[in-house]
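Contents: one structure, followed by commentary.
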Amino acid sequence: MPLVLHVDDDRWLAHLQRTAERLPGLVPVAKGNGYGFGLTRLARRAQALGVDTVAVGLHEELPAVAEAFDGSLLVLAPHRPHQPRPADLGVDPDRVVSTVGRTADLRDLVARSDTAPRVVLERLTSMTRHGADAEMPALVDLAAELGCRVEGVALHLPLPTGGAWPRPGRLRRVASAARGSGHVEEVRRLLAEPALAGLAASGDAAAQVWVSHLEAGELAQLAGELPDRRLRPRTGTSLWLGDPGALRVTATVLDAHPVARGDAVGYRQRPSRRAGTVLVVAGGTSHGVGMAAPTGAGSLRARAATVARGLLDAAGRVRSPYAVGGGRASFVEPPHMQVSMVFVPAGAAVPAVGDEVAVRVRNTTTDVDRVDSAL
Ligand SMILES: *Cc1c(COP(=O)(O)O)cnc(C)c1O
């Protein structure tokens with residue numbers, strides 16, 4: 001009775017291959033819920049693609065990826081003194097590349113490492129998340145002084161829109177537009193800083209630039225301008241989820257109950273406003289169904305959609321992500337832990353128990369019960 005992610009394996013593989021060809025130096029990112037596929041499956045695909053490095057989000061994700069991928073493992077979360085040591089997680093520390101953005105963290109990492117650690121030094125960007133700003137020259141000097149194996153600089157750039165938080169579909173459209181991410185100038189400016197320019201001269205490994213959210217054309221342009229650098233695009237969403245046509249999520253219909261107008265239904269015993277069928281479908285809050293991520297309502301359209309959702313909500317009609325009878329069924333009440341109850345109005349075709357209905361989910365925040373794929 002599961003929520004299933006169906007993968008068109010051939011089509012997905014073709015997209016992964018095409019993306020790897022389009023992005024030389026690709027570093028697949030395998031983090032969180034494994035973009036809906038699971039970390040181990042992503043690690044296996046990275047291994048098959050032949051890349052030399054996979055990026056994980058957190059130290060805790062290292063063991064799952066290390067099992068199925070035998071190259072280097074870049075940890076995107078900046079090193080902090082509270083983090084577990086790779087060795088304590090059963091992962092060979094020599095395979096791990098730490099991201100470091102503060103001198104205090106670098107000292108801690110060296111003190112806790114048995115051999116010279118492999119590090120990527122992170123420079124703060126307009127993203128304003130992690131990384132060194134005024135401290136960058138001191139960080140570069142300290143890495144040399146402490147004998148670290150410096151493997152380049154990391155620049156985490158904002159998404160290409162600059163406005164509302166994009167939904168994946170919107171992101172793809174924006175990303176494929178010719179105008180680009182708009183971050184090339186920022187990359188140029190940061191790499192020209194003396195501390196970072198110096199890194200390029202201190203060896204092939206140190207000349208790597210680990211970037212995110214630049215497009216293929218921009219990467220090619222920068223590569224042309226910076227022949228002494230090696231660009232390493234850290235890419236998750238547009239790699240794993242970049243061809244939505246290869247992916248489909250379905251939920252099994254678990255039960256169906258005819259109701260008359262006024263019948264009390266569900267945990268909350270709200271009277272049904274119409275006659276129809278209450279459909280019980282797989283997928284609930286434990287899967288992430290119906291849990292909306294906060295959206296930055298930047299555009300007028302996005303704000304209008306938020307208002308419309310609020311009105312539906314006030315009227316007790318919240319549109320569910322389940323596709324039934326050609327439209328999206330409304331929730332009877334908020335989703336439960338493992339199932340949701342949705343309403344099919346009288347007259348519409350009612351799927352049978354055991355049928356599968358399509359569900360629109362955000363892959364990065366949904367934990368499916370099963371991935372239907374031979375990969
Ligand atoms: C998650 C992450 C990425 C990959 O992001 P996508 O949008 O999934 O491609 C790249 N760099 C850093 C630092 C990240 O945390």
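The values are calculated or read from the model by the stated rules, or taken from the named source; none is laboratory data. None of the values given here were measured: they were computed from a predicted structure. All Cβ positions, even for glycine, are placed from backbone atoms using ideal geometry, and neighbour counts span all protein chains on display. To get the accessible areas, we keep the full protein, side chains included, count just its heavy atoms, and leave off ligands, DNA and RNA. Shrake-Rupley method; radii C 1.70, N 1.55, O 1.52, S 1.80 Å.
Okay, here's what the table says:
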item	result
Checking Val54 against (1) within 15 Å of Gly236 (Cα to Cα); (2) within 16 Å of the ligand (Cβ to nearest atom); (3) surrounded by fewer than 17 Cβ atoms within 10 Å (Cβ to Cβ), the condition it does not meet	(3)
Output for region 240-265, where each listed residue is in a strand (DSSP E or B) and within 14 Å of the ligand (Cβ to nearest atom)	none
Residue within region 35-46 that is surrounded by fewer than 24 Cβ atoms within 10 Å (Cβ to Cβ), of a type in the set (A, V, I, L, M) and within 15 Å of the ligand (Cβ to nearest atom) present	no
Count - residues of region 184-239 that are part of a helix (DSSP H, G or I), small (Gly, Ala, Ser) and within 16 Å of the ligand (Cβ to nearest atom)	2
Single unsatisfied condition, Ala297 versus (1) within 30 Å of Val29 (Cβ to Cβ); (2) hydrophobic (A, V, I, L, M, F, W, C); (3) at pLDDT 95 or above	(3)
Leading residue by the ranking (nearest to the ligand (Cβ to nearest atom)) among those in region 64-93 that are surrounded by fewer than 17 Cβ atoms within 10 Å (Cβ to Cβ) and within 29 Å of Thr128 (Cα to Cα)	Ala77
Residue match in region 18-29 (condition: touching a residue at least 40 places away in the same chain (Cβ under 8 Å), open to solvent by less than 50 Å² (accessible area, probe 1.4 Å) and charged (D, E, K, R))	no
Selection within region 1-33 - in contact with a strand residue (DSSP E or B) (Cβ under 8 Å, 6 or more places away or on another chain), over 14 Å from Asp372 (Cβ atoms) and away from the ligand (no atom under 14 Å from the Cβ)	Met1, Pro24
From the options Thr128, Thr115, residue that is more than 16 Å from the ligand (Cβ to nearest atom), surrounded by fewer than 18 Cβ atoms within 10 Å (Cβ to Cβ) and among the hydroxyl-bearing types (Ser, Thr, Tyr)	Thr115
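Here is a yes/no grid of residues against (1) open to solvent by 60 Å² or more (accessible area, probe 1.4 Å); (2) aliphatic (A, V, I, L, M); (3) within 16 Å of the ligand (Cβ to nearest atom); (4) in a loop (DSSP other than H, G, I, E, B):
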position: Ala329; (1), (2), (3), (4): no, yes, no, no
position: Val344; (1), (2), (3), (4): no, yes, no, no
position: Pro351; (1), (2), (3), (4): no, no, no, yes
position: Asp367; (1), (2), (3), (4): yes, no, no, yes
